[in-house]
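Worksheet: one structure, shown below.
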Amino acid sequence: VLFRSDAMARIASRLRVRLAGAAISPDEARELRASMPSSAEAVRLYAEGLRRWRTSDLVEARDVLAHAVAAEPGFPLAHSALSQVLHRLGELDREREEARIAFERSGGLRREERWLVEARHREAEGQWPEARELRKSLHELFPDDLEYGLELAVALDDHRQKKEALAVIAELRRLPPPQ
């Protein structure tokens, strides 16, 4: 199956050699495997859940992401995404539980993914200053990543830091259009 994590690591390694001239390290291969589920069904469900979430179909997103979590309980990014959807639906107890599970299982992820999962966990636990610093660090490390910037702006706005949120949005508007 093409979506198996070992196959993905091999493909990523080949692409990196072609594009950058260097193969990925064993640690990078391990992180890549940890960031994707091993079953094709879990990949499909996770992708569908994210699509539903991004189109604001939150109830369907919740249900599909719950199936992704059931298909592969050890996949922290699915738990984290489900946590965010549950937050938007106001299901705060389940939100905290999914964020906690994601955080506990995030040790093998790449640094930026670990920070995303931890930021979500800190938000769910009401640890706003820690969450803000993680989101701010991600935005500073990857200033051209629209999603990190938008997540920081939303988090700032959610915590009544509108001036700072608007400054992030203004910064994002200066980015070149995607190609």
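For the range 142-164, enumerate the residues that are over 20 Å from residue 54 (Cβ atoms) and open to solvent by less than 40 Å² (accessible area, probe 1.4 Å). Write out each step before concluding.
Applying the first criterion (over 20 Å from residue 54 (Cβ atoms)) to the range 142-164 yields 143, 156, 159-164.
Hit for the range 142-164 is 156, nothing else.
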Among (1) in contact with a Leu (Cβ under 9 Å, 6 or more places away or on another chain); (2) at pLDDT below 90; (3) hydrophobic (A, V, I, L, M, F, W, C), where does residue 23 come up short? (1)
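The values are calculated or read from the model by the stated rules, or taken from the named source; none is laboratory data. These numbers were taken from a predicted model, which means no experiment stands behind them. Ideal geometry is used to build each Cβ from the backbone, glycine not excepted, and the neighbour counts take in all protein chains shown. With ligands, DNA and RNA removed, areas are computed over all heavy atoms of the protein, side chains included. Shrake-Rupley method; radii C 1.70, N 1.55, O 1.52, S 1.80 Å.
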